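The values are calculated or read from the model by the stated rules, or taken from the named source; none is laboratory data. Values in this document were obtained by computation on a predicted structure and should not be read as measured data. Methodologically, a virtual Cβ is constructed for each residue, glycine included, from the backbone with ideal geometry; neighbour enumeration extends over all protein chains shown.
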Amino acid sequence: MKRPTETNRVAVIGAGISGVATAAHLLKHGLEVTVFERSSTSGGVWHFDERSAPDPPFPNLKPSDGDSLFGPQSTDVAATSEEVDQGHNAALGEISHAPPGPCYAGLMNNIPIPLMQTSLMSYPAGTSDHLSHDVVERHIHDISRATGVDKVIQNNTRVLDVRKQGSSWVLQTTALWKESDRVRFTDATYNFDAVVIASGHYSMPRVPDIPGLSTWKRLWPDRVWHSKRYRRPAAFKDKTILLIGAGVSSSDIAKEAAPIAKKIYQSSRGGVLDLPTSFLPEGTLRIGGIQSFELPSADFQPSQEGPIPLAVTLTDGTRLQGIDIVVVATGYIISYPFLRHLHSDTTAAANASREMLVTAEGDMVHNLWQDIFYIPDPTMAFVGTPLQVTTFCLFDFQAQVVARVFAGKAYLPAQDVMRKEYEDRLAQRGTGRDFHSLRKRGAEQDYVARLVEWMNKDAGVTGTEHMRGHTQEWIAAYESMQEKFAFLQVTEDKPQGESGAWTQTLSPVTQAQILSVS
């Protein structure tokens, strides 16, 4: 099948590694590219901002609402812009326009350097496998400069709406301009032949609706917060901490807090992506799921001093008391607020229509072929959707595929073929985050091999340079990592109050992921 339309002008939303890589490959194929990045710099999740993002509502809003305090609609921005333009709430204006990401001061990569390479640029020989966030961010900037992407990025520009009108994608944006202690906003409209969504998955915090949690947040707003706010462990000194969730962020916070905290509880429901207890530092106790947070009496007067004088009840009936700080480390919601018309906040994933992208759960992206192309209109593509992968490398492969298709160097299957393949996969894997997961051993290699085979079959027809798959260095590093973490595939007992362990059979590659966001 020939490319669905004549593609010359392409918009890329997001300037993390997925957006920068996509733009670089599009430019390489001679296409006109504009990258829209709502923050002041590229780097995505690897950009450290000393400011913390404001906490989301407890529980979280609908997926289509996104994470902006100004709301998802351009009218909301306009209503607020006048006040901000007069010099009021300048700091709030900046944070609301582009809320700081989840990067914390101690964030480092945790996979071997060969697994973080792209085809665009290698790390210098001898680079350590343990890099701080600023080194990784600088590498993304180096790629951007070397490929000319830095010249086509519009920073401080938030995309408000993306919609197909006729043969064009129409983007509405608002750009923030800072003038001394004032900020102002400028709205604009752009037309493109194609659009690539590379905005990542780590923007909108997921806050579970646990009974009593919202009351605790209201009474102790600075002592109950989402892990996206975390920057440094100093606030944990001599405190008893309750971490809700047992994934990467929760375990990293536990490691940083352990040397100074009084005690740390980590609550796990035994999810397949929870890390084993072997990842926890001494002094951290793995406990079961939370049933409720105790509600105060009608005449209760909260104090901000000392432990919270209410109890937390676990699902097995155990009561925890003396908690000082609650950190909600329960992940993020998939959200594309600029594509609200393709969201349905009232539809369950199992009932998603053939046009919907995100449903009420906010835990998967529907109707993508190969986790890249939007089946109803493949001139919209997504880079960065797969989970539990070596992000830099995999997203670079996806970016190459998008660039070749949009440049007419590779051809998409017929729509009915894409639809059938998607529905067959859906029937096999079911809905939810696991639909996008490549954590099983060999799954990522198989996925890339399919993409490379497709690209090279069409390269023979179009006379395009063949696309290279995984290098031997990558394969060796991947296998070494698998063997290194093989001991983590353990089986223990289910959580039983404070003293229980848990059951887990987990692919070791899950333990070695950098945040898959861009």
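Those residues that are touching a residue at least 60 places away in the same chain (Cβ under 8 Å) and polar (S, T, N, Q), I need them from segment 189-246; list them, please. If the condition is that a residue be touching a residue at least 60 places away in the same chain (Cβ under 8 Å) and polar (S, T, N, Q), then ASN191, SER199, SER203, SER214, THR215, SER227, THR240 are the ones that fit. Would you confirm, using the coordinates I've provided, whether PHE373 is aromatic (Phe, Trp, Tyr), assigned by TED's automatic domain parsing to the domain that holds LEU412, in contact with a Ser or Thr (Cβ under 8 Å, 6 or more places away or on another chain) and under 29 Å from VAL149 (Cα atoms)? In short, no.
What strands (runs of 3 or more DSSP E) lie completely within segment 145-202 and have 3 or more residues being surrounded by fewer than 18 Cβ atoms within 10 Å (Cβ to Cβ)? Reasoning before the result, please.
Details: elements: 157-165, 168-179, 182-192, 194-197.
Because the criterion is at least 3 residues that are surrounded by fewer than 18 Cβ atoms within 10 Å (Cβ to Cβ), the strands (runs of 3 or more DSSP E) in segment 145-202 that meet it are 157-165, 168-179, 182-192.
For segment 314-335, a residue qualifies if it is surrounded by 15 or more Cβ atoms within 10 Å (Cβ to Cβ), closer than 25 Å to ALA235 by Cβ and among the polar types (S, T, N, Q), and exactly one does: THR330. Among the conditions (1) modelled with pLDDT of 95 or more; (2) surrounded by fewer than 18 Cβ atoms within 10 Å (Cβ to Cβ); (3) among the β-branched types (Val, Ile, Thr), VAL448 misses just one, which is (2).
Given the criterion outside the structural domain of ALA53 (by TED's automatic domain parsing), of a type in the set (Gly, Ala, Ser), more than 23 Å from the chain's Cα centre (by Cα) and not in a loop (DSSP other than H, G, I, E, B), identify the matching residue among ALA235, ALA254.
One residue alone meets the criteria, ALA235.
Of all residues in segment 228-246, those satisfying the criterion of being surrounded by fewer than 23 Cβ atoms within 10 Å (Cβ to Cβ) and under 24 Å from SER132 (Cβ atoms) are ARG229, ARG231, ARG232, PRO233, ALA234, ALA235, LYS237. The condition of being in contact (Cβ under 8 Å) with a residue 60 or more places away in the chain, of a type in the set (S, T, N, Q) and surrounded by fewer than 16 Cβ atoms within 10 Å (Cβ to Cβ) does not hold for SER249.
So which of LEU314, LEU320, LEU285, LEU310 ends up being closer than 26 Å to PRO221 by Cα, assigned by TED's automatic domain parsing to the domain that holds ILE244 and in contact with a Gly (Cβ under 6 Å, 6 or more places away or on another chain)? Only one candidate qualifies: LEU314. Just so you know, in segment 263-294 the residues that are out of contact with any helix residue (DSSP H, G or I) (no Cβ under 9 Å at 6 or more places or on another chain) and among the charged types (D, E, K, R) include one that is nearest to HIS436 (Cα to Cα), and it is ARG269.
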